[in-house]
1. Among the residues that make up the stretch 100-109, is at least one of them under 22 Å from W209 (Cα atoms), in contact with a Ser or Thr (Cβ under 9 Å, 6 or more places away or on another chain) and modelled with pLDDT under 95?
2. Output the residues belonging to the stretch 128-154 that are in contact with an Asp or Glu (Cβ under 9 Å, 6 or more places away or on another chain) and within 26 Å of L113 (Cα to Cα).
3. Tally up the residues in the stretch 36-61 that are surrounded by 13 or more Cβ atoms within 10 Å (Cβ to Cβ) and part of a helix (DSSP H, G or I), please.
4. Of the conditions (1) modelled with pLDDT of 90 or more; (2) surrounded by 15 or more Cβ atoms within 10 Å (Cβ to Cβ), L93 fails just one. Which one is it?
5. List every residue pair whose Cβ atoms sit under 6 Å apart, with the two residues 6 or more apart in sequence or on different chains, where the first one lies in the stretch 122-142 and is farther than 14 Å from V197 by Cβ and the second, anywhere, is assigned to a helix (DSSP H, G or I).
6. Report every pair of residues separated by at least 6 positions or lying on different chains whose Cβ atoms are under 7 Å apart, first residue within the stretch 21-35 and over 18 Å from P61 (Cα atoms) and aromatic (F, W, Y), second modelled with pLDDT of 90 or more and open to solvent by 70 Å² or more (accessible area, probe 1.4 Å).
7. Of the conditions (1) touching a residue at least 12 places away in the same chain (Cβ under 8 Å); (2) over 28 Å from Q45 (Cα atoms); (3) part of a helix (DSSP H, G or I), A198 clears all except one; give me its number.
8. What's the number of the condition A144 fails, among (1) open to solvent by 30 Å² or more (accessible area, probe 1.4 Å); (2) touching a His at 6+ places or on another chain (Cβ under 8 Å)?
Amino acid sequence: MSDRVAAVVAFVFVGLMLLVLLWPTAANGKRLLRKWEVPDPAEPQVQDAVRYLKRRRLLYPWLYPAIGYFTPLGSGNGDLVATVLVGTLLAELLALRPPRHARREATLAPRELRGIASRYVLLTYVVLVVAAAVYHVVNRDWMAAGVLGLSAVAVAVIIWAAVARPASGDHVVDMALRTRSVHVSAGLGAAVAGVSVAGWPGFIGILAWVAMANTKPPAATIVR
């Protein structure tokens with residue numbers, strides 16, 4: 001029990017350190033928007049981006065110790081999958097609800113996934129998940145298949161919420177951040193798929209995550 005408590009304390013410390021290092025600032029918000037095709041963002045747009053980051057990163061110090069307590073610590077890929085799935089994906093999901101005081105701008109056309117996310121990102125994600133699922137079924141690794149299924153459900157819910165949630169703040173920023181949520185969560189799901197298979201597929205999954213998280217939005221996404 002003492003080892004588990006020590007590990008949880010370590011998770012809290014690491015989480016707090018990450019929060020300090022990753023604390024969102026105006027410079028972070030501006031960099032984020034420029035990365036997602038919003039050049040020369042105005043101050044209100046930067047504030048929207050900073051708020052978006054805070055809603056996610058403030059959860060990290062509290063989720064890490066909870067995950068460390070309720071999962072078998074030191075179990076290699078199992079811990080990594082639990083941390084990524086329950087931590088990062090849950091943080092993304094809980095952060096999708098816009099604050100009550102946010103400005104809202106209505107859009108005339110309904111939002112669709114194809115107008116928000118890159119089809120290459122979605123297709124790559126599906127291919128990797130299906131390939132990993134086939135591998136686990138062939139090898140009768142039902143535990144890994146179950147974890148993969150849970151991650152797929154979580155990614156699907158995040159993608160649905162990114163499309164369906166009410167508009168929040170500046171329209172250009174809102175659409176850019178919706179795309180970011182879809183691409184990052186799909187990349188995260190691809191990483192889980194790769195890590196769930198022992199050996200080099202884990203490395204492929206991590207590379208897919210990085211590539212998807214840095215894929216620019218479709219041309220139709222950002223309408224100025």
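1. no
2. A154
3. 15
4. Among (1) modelled with pLDDT of 90 or more; (2) surrounded by 15 or more Cβ atoms within 10 Å (Cβ to Cβ), L93 violates only (1).
5. These pairs meet every condition: Y125/A186; Y125/G189; Y125/A190.
6. none
7. All conditions pass for A198, except number (3).
8. (1)
The values are calculated or read from the model by the stated rules, or taken from the named source; none is laboratory data. This structure is a prediction, so every number in the text was calculated from the model and none was measured. Using ideal geometry, Cβ is built from the backbone for each residue, glycine included, and neighbour counts are taken over all protein chains shown. Areas reflect the complete protein model, heavy atoms only, side chains present, ligands, DNA and RNA absent. Shrake-Rupley method; radii C 1.70, N 1.55, O 1.52, S 1.80 Å.
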